[in-house]
Amino acid sequence: MPTASYAKSATLTINPQHQTLEGVHRLVAQVLGRAGCATCGRIALLKLDFHVDPPSELVKDGVTAFETTGF
């Protein structure tokens, strides 16, 4: 009987204030634990998006993070 194979994914949006390397490591470990065994979780793709402060003209309209690609 063939084993079912499917992809699992998780997306986290982390508050950039008071962020530490140790805190990010803890979060990655927690997500791996949810994907299966806490000691042998497997990562096939790890994508990190870094958001920067928006231009001042966008801040007045409530924008808190800004990202562009290709322009």
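Read the figures in this text as sums done on the coordinates, not as results from a lab. In this text, all values refer to a predicted model and were calculated from it rather than measured experimentally. Note: ideal-geometry Cβ built from the backbone for every residue, glycine included; neighbour counts use all protein chains shown.
Values computed for the structure shown
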{"read-out": "Local electrostatic count, residue 28, Cβ distance below 13 Å [Lys/Arg +1, Asp/Glu -1]", "value": "+3"}
{"read-out": "Burial ordering of 13, 69, fewest other beta-carbon atoms within 10 Å first", "value": "69, 13"}
{"read-out": "Length released on extending from residue 71 to residue 47, taking residue separation times 0.36 nm less the Cα-Cα span", "value": "6.6 nm"}
{"read-out": "Karplus 3J(HN,Hα) series, Hz, for region 54-71 with 6.51 cos²θ - 1.76 cosθ + 1.60 (x for Gly, Pro)", "value": "x, x, 4, 5, 8, 4, 4, 9, x, 6, 10, 9, 9, 8, 10, 9, x, 8"}
{"read-out": "Theoretical gain in end-to-end length, residue 35 to residue 21 [0.36 nm per residue, Cα-Cα removed]", "value": "2.9 nm"}
